[in-house]
Amino acid sequence: MNPRIPKVNQLIQQELGMILLREFDLPDGVFVTVTRVDASGNLQEAKVYISVMPEVSKEDVFGTLQKNVYGIQQMLNK
């Protein structure tokens, strides 16, 4: 495994967490956490694991993220 991959995973996790905190108005009491990032060996794609509390808000949060996935990717690329 490339030694850069864990560093890239950590950087993506931190930056994505900040993007979610800054750019999305979540209802009071809803917490979204980026728990893990797994980038591919060639860094072309990454799987992002997200936790949502409380669980009942999960569908709304994931729907919002899915609608804004392109914009999130653009912010992350910058």
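The values are calculated or read from the model by the stated rules, or taken from the named source; none is laboratory data. The shown structure was predicted, so the numbers you read here are calculated from the model rather than taken from an experiment. Here Cβ is always computed from backbone atoms with ideal geometry, including for glycine, and neighbour counts include all displayed protein chains. Accessible surface is based on the protein model in full, side chains and every heavy atom, while ligands, DNA and RNA are left aside. Shrake-Rupley method; radii C 1.70, N 1.55, O 1.52, S 1.80 Å.
A few remarks follow.
- Among the numbered conditions (1) open to solvent by 50 Å² or more (accessible area, probe 1.4 Å); (2) touching a Pro at 6+ places or on another chain (Cβ under 9 Å), the only one that Val30 does not meet is (1).
- Candidates Asn9, Asn42, Asn2 - the one that is without any contact (Cβ under 8 Å) to a residue 60 or more places away in the chain, among the polar types (S, T, N, Q) and in a helix (DSSP H, G or I): Asn9
- If the condition is being among the hydrophobic types (A, V, I, L, M, F, W, C) and touching a residue at least 24 places away in the same chain (Cβ under 8 Å), then region 45-64 contributes Ala46, Val48, Val61.
- Selection from region 45-78 of residues that are of a type in the set (Ser, Thr, Tyr), in a strand (DSSP E or B) and open to solvent by 60 Å² or more (accessible area, probe 1.4 Å): Tyr49
- Residue in region 31-53 that is charged (D, E, K, R) and over 15 Å from the mean Cα position of the chain (by Cα) present: no
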